[in-house]
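Each remark here refers to the structure printed beneath this line.
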Amino acid sequence: MDSSIKNEAPNTVVELAGELPHLQAVVCNGGKAGAAFKKYFAKKMPEQVRIFYLPSTSPANARLRLEDLAEHWQVILQFLT
């Protein structure tokens with residue numbers, strides 16, 4: 001669970017993105033992931049990479065119905081084809 005994450009440490013996301021010239025998007029799954037991405041990486045990502053902060057798909061996230069999650073997450077379909 002997100003609440004059990006302590007002493008987070010960033011990895012090499014920005015460097016990896018720089019090695020992937022066709023990378024179009026990064027998706028953050030949930031609030032904790034989004035907050036960490038904003039803190040460490042968002043301002044350093046290549047300009048062409050779109051960043052999406054989406055609601056968590058975890059079963060622990062009971063605030064949205066499955067249908068509502070699916071609606072939010074449909075934004076990534078454009079990058080999967």
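Give a quick list of GluC sites (Glu not before Pro) in the chain that DSSP marks as loop, anything other than H, G, I, E or B, with at most 11 other Cβ atoms within 10 Å.
Answer in residue order: GLU8, GLU19, GLU47.
Which residue, LEU20, LEU69, LEU54, tops the fluctuation ranking in a GNM of the chain built on C-alpha contacts under 10 Å?
Of the options given, LEU20 has the highest mean-square fluctuation.
If DNA, RNA and ligands are ignored and the probe is 1.4 Å, what is the ranking of ILE51, ILE5 by accessible area, most exposed first?
Ranked from most to least accessible, the order is ILE5, ILE51.
When only the heavy atoms of the protein chains count and the probe is 1.4 Å, how do LEU64, LEU80 rank by accessible area, highest first?
Descending accessible area places them as LEU80, LEU64.
Might you tell me the accessible area per residue for the chain, computed with a 1.4 Å probe and given in Å²?
Accessible surface, normalised per residue, equals 76 Å².
Taking the chain as a Gaussian network, Cα atoms linked when under 10 Å apart, which of ALA70, ALA60, ALA17 shows the biggest mean-square fluctuation?
For the chain, modelled as a Gaussian network with Cα springs under 10 Å, the answer is ALA60.
Could you please put LYS43, LYS38 in sequence from largest to smallest accessible area, using a 1.4 Å probe?
Correct descending sequence by accessible area is LYS43, LYS38.
The values are calculated or read from the model by the stated rules, or taken from the named source; none is laboratory data. Fair warning: this is a prediction, and the values are worked out from it, not measured in the lab. Cβ atoms come from the backbone with ideal geometry, glycine included; neighbour counts cover every protein chain shown. Heads up: the accessible areas ignore ligands, DNA and RNA and are worked out on the full protein's heavy atoms, side chains in. Shrake-Rupley method; radii C 1.70, N 1.55, O 1.52, S 1.80 Å.
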